[in-house]
Amino acid sequence: MINRPSQKIKTLGELAKLADYSLVDTLNCDPDATENGVDHAPRQVFSGHYVPVNPTPIENPEYISHSKIFFSELGLSDSMAQMDDFMQLFSGDISHVPKPMRTVGWASGYALSIFGTEYTQQCPFQTGNGYGDGRAVSVLETVINGQRWEMQLKGGGRTPYCRGADGRAVLRSSIREFLAQEHMHALGVPTSRSLSLYVSKTQRVNRPWYSEGSHSKDPDMLASESVAISTRVAPSFIRVGQLELFSRRARKNEHPKAMEELEMIVLHLIDREYTNNIDKTLNTADKVVMLAREFRERLTSLVANWIRVGYCQGNFNSDNCAAGGFTIDYGPFGFCDEFSPQFQPWSSGGLHFSFLNQPVAAQRNFQMFCKALQPLLTSHQDQLQQLDEILNSFSKVMQIQMKKMWTEKLGLETFDAVLFTELQTLMTQTPVDYTLFFRELSTVPDDIAPLKKSFYRHSTSQELDQRWSEWLIKWRLLINSSTNTQEQVSKQMKLVNPKYSLREWFVVPAYQQAAQREYSLVRKLQEVMTQPYAEQTSDVEEKYYQLKPPELFDVGGTSYYSCSS
């Protein structure tokens, strides 16, 4: 149950009273930083946990939407989203915020690992000291009803980590992230949250993108797009890559405070994300072991949930892996239409980050997480051994989570490996729509006719139909041997198999319409996708519960896309 504040917060001044800046008040500032936050050119950052930086406001901001669900949880009045001072703050102008809010934001550095391999060459200095929050600027930390939240502007302008880019997010990618966070939360998948979305009426930037109907894998044109700022919110934005950065510096003894700063960021992570799981009285070494164990549980559960709802992260580097164990950085993500174990929405992504390889990708990130913690345990052999054991057991724990997830998705009481393998083969060979198939199966049909609503072929062979019928008979025998009635099984299955998913071909018309300053489709999609398990109106079902049209397959910007900007 969500505990909501007893009294509504109706003004920015009232919200300001809840400000509490734990990160900047307890961690180290970059000693080379400016106090006033005027620090927008690419440069190396050698030490410190954050850089004070002012966001760059977008010109002439216009309201698109806000999360009514999240506003309610926070106790914020909906009217605040369109108040001038609130819009000003969350479109990047923090120069006149009410006290005790602060007029300087902050950005953080992190390291990069791709599938368990450390990289530095993406940094313009070839050192790894220029990689981090290039266009994400945190502007507020609050404690509301006992829960700490950090509020971060995505597209808030240049920071020292911008690597020469403009620090902006365009309307298209901002709408995608705003809707995805809303949808994932409604699906019951841990995620950063959407607060608000504003667009500039006048300011535009050029971005590589796809021409209408393009089948090119890479963008084939330069598009002029409106800039926007979405505000995302989480208990913290500490990433696995952030711990890696401080660990690398400690391993190499890059500066006198390197080991101390690693310990500080790890303990800060525990305070921010694991305070209810880890005993404050433990020594650091024992806390580190507990942290690894708790993160392993969260990360394995998260990835199993991704697969449950048909989500693929696309670019699951360590810097896109939140150390709190939730989904972050909605760039080249996608939801399955046609089921494929190798589904990968990112045109530049490999099979290592594909749909059913996400458990392995998670294991590689966890490996880097544990490696980052090791310097803190060099003089604690018992704890170091425990850390190794936790790491070595990751695949086993991941497998348990996956079997549990598939069991629930199929409405069974125990996992049946043979039945599942047969199903996966049939789903691939037919092929089926991932969301529609499991939702239709949730009705516990007597024959395969309802399942055929999810088939992408207009007609299937008699032999394939026979195999489906035989599979269904085996599955129904297991359902009928359950301690629950068919009605109870169906009800439970519909709680884990959503009816609606945020398919890219729904989002494209919404952001195309929004480019003309018409936002009704964005808001409608937000309304539908925040009720993904519900049986909604017949109009909604007709529009959003259907197979992907054949003409949209293999279309750039719809079936796949370059890293979202």
Once both axes come from the Cα atoms, what is the angle between helix 462-480 and the longest principal axis of the chain, in degrees from 0 to 90, rounded to 10?
70 degrees
Determine the dipole magnitude for the chain: charges of +1 sit on the beta-carbon of Lys and Arg, -1 on that of Asp and Glu, nothing else is charged, the reference point is the Cα centre, and the result goes in debye to the nearest 20.
160 debye
Between SER72 and ALA417, what length in nm is gained on full extension when 0.36 nm per residue of separation is reduced by their alpha carbon distance?
119.9 nm
Between ASN206 and THR443, what is the FRET efficiency for a Förster distance of 60 Å, r being their Cβ-Cβ separation, to the nearest 0.05?
0.80
Residue among PRO124, VAL45, VAL397 farthest towards the positive dipole end of the chain, charges placed on Cβ:
VAL45
Once both label points are put 7 Å beyond Cα along the C-beta direction, the GLU297-SER459 separation in nm becomes 5.5 nm
Place a point 7 Å from the Cα of GLN399 along the Cα-to-Cβ direction; which residues of the stretch 335-379 have their backbone N under 14 Å from it?
360
Please give every one of the lysines within straight-line cross-link reach of LYS524, meaning a C-alpha to C-alpha distance under 24 Å, and leave out same-chain neighbours fewer than 8 residues apart.
LYS68, LYS154, LYS201, LYS494, LYS499, LYS543, LYS548
For the stretch 368-507, with only Lys/Arg (+1) and Asp/Glu (-1) charged at the beta-carbon, what is the dipole magnitude about the Cα centre, in debye rounded to 20?
360 debye
For a protection proxy built on the mean count of beta-carbon atoms within 10 angstrom, sort 260-270, 276-286 highest first, please.
260-270, 276-286
Tilt of helix 381-392 relative to the longest C-alpha principal axis of the chain, in degrees (0 to 90, nearest 10)?
40 degrees
Expected vector for the stretch 22-29, Karplus 3J(HN,Hα) from phi with 6.51, -1.76, 1.60 and θ = phi - 60°, integer Hz, x for Gly and Pro, equals 5, 5, 6, 8, 10, 9, 8, 7
Using the Cα centre of the stretch 294-449 as the reference point, and only Cβ charges (+1 on K/R, -1 on D/E), how large is the resulting charge dipole? Debye, rounded to the nearest 20.
440 debye
Along the positive direction of the dipole of the stretch 410-565 (beta-carbon charges: Lys, Arg +1; Asp, Glu -1; about the Cα centre), which of GLN512, THR430, VAL418 reaches farthest?
GLN512
Between ASN28 and SER469, with labels modelled 7 Å along Cα→Cβ, what's the label distance in nm to one decimal, could you check?
7.2 nm
How far apart, in nanometres, would the label points at LYS8 and MET264 be if each is projected 7 angstrom from Cα along the Cα-to-Cβ direction?
4.2 nm
Along the stretch 140-147, what does the Karplus equation 6.51 cos²θ - 1.76 cosθ + 1.60 (θ = phi - 60°) give for ³J(HN,Hα), rounded to whole Hz, x for Gly and Pro?
7, 10, 10, 10, 10, 6, x, 10
Once both axes come from the Cα atoms, what is the angle between helix 358-373 and the longest principal axis of the chain, in degrees from 0 to 90, rounded to 10?
30 degrees
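Can you tell me how much longer the chain between LYS524 and GLN122 gets when fully stretched, taken as 0.36 nm per residue apart minus their C-alpha distance, in nm with one decimal?
Extra length from LYS524 to GLN122 when fully extended: 140.8 nm.
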With DSSP loop assignment and no more than 16 other C-beta atoms within 10 Å, the trypsin sites (Lys or Arg not before Pro) in the stretch 509-565 are ARG517
Applied in sequence order to the stretch 49-60, the curve 6.51 cos²θ - 1.76 cosθ + 1.60 (Karplus, θ = phi - 60°) yields integer Hz couplings, x standing for Gly and Pro, of 8, 7, 10, x, 8, 7, x, 9, x, 7, 7, 6
Just name one of MET264, ASN320, ASN206: the one whose Cα is farthest towards the positive end of the charge dipole of the stretch 201-348 (beta-carbon charges, Lys/Arg +1, Asp/Glu -1).
MET264
In which sequence would TRP505, TRP346 go, from the one with the fewest C-beta neighbours within 10 Å to the one with the most?
TRP505, TRP346
Go ahead and collect, in residue order, the members of the stretch 266-298 whose backbone nitrogen is under 17 Å from a label point 7 Å along the Cα-Cβ direction of ASP382.
279, 281-291
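Just so you know, all these numbers are worked out from the coordinates, no wet-lab data involved. The structure presented is a predicted model; accordingly, all values stated were derived computationally and were not measured. Heads up, the Cβs are rebuilt from the backbone with ideal geometry, glycines too, and the neighbour counts pull from every protein chain shown.
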